[in-house]
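Heads up, the thing below is written out as structure tokens.
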């Protein structure tokens, strides 16, 4: 499946030239190891950052430039050699990831962020070392140290934001119990390791315990707290035949659960796999920052060389020309550029996670701001995918009476309609009678005895065959709306009919209205019949409906909308939506049920709330705006500082000293950091 999914993704994300190759060879079984490696890298950057930061303090105090700037003086014999020693340590220890990264980029002939940082720190280090050992000029050690500190910080934040999502999951893995009470043949229980369980085994979960595996309840009922997994804050009431997810907490009753999914297949493992994939999908904005870095690298080199040549040709001494060249090269590497994208990504990742949006593919998420049309799959997305009672038409009786007889009989039935009728009875607090001699008549309905009376819940077909009269006008109206109607008879006498329909999600109407306001078209796509589709669309406010679309044609329908030149987001919840999700510009999966691993989606809405689609669009838009603002702040500072550093205004006595250059640089870094923090979700 993973392999297949990648092929989808490769067609779709090829232009972004993501390194899918590397991912395909990942063994998904290797979660712990993966997480551990990434975690170790984050810790490594963190350690390098803090150690370099501590050593930067004495470097700052010993730097003549800083002493001049702040008007104090600390001197002692060999102080410059001590400074050289400290700076050498920061250069090799703190700068190591960048130096190795720069060499890799050089080998690939693709200069980017690493080469830009590498150039600045190497030039600053070599020049400053020469100054310590007798060359005429000022040293840049403090500039070198602060640059390394800030770049380490940027990379650490970036990696931590990616880790943030997976850390939450690493935590979830820790939440999984490692022992379970296995129920033996004779009904007694023994404690076994979860790893030793087989599919089909039965386990007992006592009140207050965590459910150890994904499975189905065979005995008992209880309220189950799934908030850690689905974001659903209210505990969910579950009884026999219902599915439970490993890691959720059993609140009240004792449950016996039959094991369905273990290890790799379990809900949690799938979610972890999703997040790992998200980590491997590089953000387009990072590519953007990398492209900016590439040009700045060429700019730094050429500006440096030109500056050197110009100063020499104007007859200045070599050391003066070298100092100018170094100033230009060091200043061209903007501290802020290293932080521009990662900080925004970090903030937007945590914001989206808080809102229940799992972003699996950052690039497509960043494209969501350009969406012109949203295609909704009906069942399970706009509707709940479960039946509810919409109308009761009683024949000379109370409606609750009709409901009493129907629900008493239906409690024995497995049919989805039965669930709807029983829920309605429960809502009206109707105490049900006891059904006996229950039998299901295929294609016709149910019959049985309730309180000694012969009760039937039958289809329209049965009514016509037996010429039983009923309110045909009401029936006609309800079936026009695509509702399913059943007829209730007691002792062969017709007492009323009950209409049921797939219940519409409350938030769907609001979502469609909000999208309309933003000028985004809403389209409904469904395999259901036209009557039902149009009835639902009318309730929600969607004008464009494609009904009776076979699963394999959903993707074609998406293409049709794309051919109008529109950028399309597709939302769906089922396996049948997978090809369409892959085809759309942005695939959004509704995460209800345990299929969070809707393999082909770019974004998963954990809360199954269609309104979150509006949040995706606005968060994507805001994230992009912040990125662009930050990159401008970061690069704009350079555009302004390079000519000054090169000495364009030297004839009128204005020459940007490296110290002032660095202060400006620190300012642009602060602006970028504060700006990223101001990112809002909506």
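Inter-label distance, residue 176 to residue 430: 4.4 nm, where each label sits 7 Å from its Cα along the C-beta direction. Centroid-to-centroid, using Cα positions, the stretch 503-548 and the stretch 302-361 are 48 Å apart. The stretch 406-473 and the stretch 204-218 have Cα centres lying 33 Å from one another. Strictly greater than 21 Å: what percent of every Cα pair in the stretch 384-504 meets that? Of all Cα-Cα pairs in the stretch 384-504, 30 percent lie more than 21 Å apart. Put simply, the stretch 178-273 fits an ellipsoid with semi-axes of 19, 17, 11 Å; these come from the alpha carbon gyration tensor as the roots of five times its eigenvalues, largest first. Distance between the 7 Å Cα→Cβ label points at residue 310 and residue 545: 6.9 nm. A straight chain from residue 298 to residue 472 at 0.36 nm per residue would run longer than the Cα-Cα distance by 54.6 nm.
Modelled label positions at residue 221 and residue 76, each set 7 Å beyond Cα in the direction of Cβ, lie 7.9 nm from each other. Between residue 190 and residue 419, the contour length at 0.36 nm per residue exceeds the Cα-Cα span by 78.9 nm.
Each of 490, 604 was scored by other Cβ atoms within 10 Å of its Cβ. Listed from fewest to most, they are 490, 604.
Between residue 530 and residue 553, the FRET efficiency from the beta-carbon distance, with R0 = 22 Å, is close to 0.90. Taking 0.36 nm per residue of separation and subtracting the Cα-Cα distance, full extension of the segment from residue 640 to residue 493 would add 44.0 nm. FRET efficiency for the pair residue 251 and residue 453, taken as 1/(1 + (r/R0)^6) with r the Cβ-Cβ distance and R0 = 41 Å, rounds to 0.60. To the nearest 0.05, what FRET efficiency results for residue 438 and residue 680 with a Förster distance of 51 Å applied to their C-beta separation? Using R0 = 51 Å, I get an efficiency of 0.35.
No value in this document is a laboratory result; all are computed from the given coordinates. Keep in mind that this is a model prediction, so the values were computed, not measured. Here the Cβ is made from the backbone with ideal geometry for all residues, glycine too, and neighbour counts use every protein chain on show.
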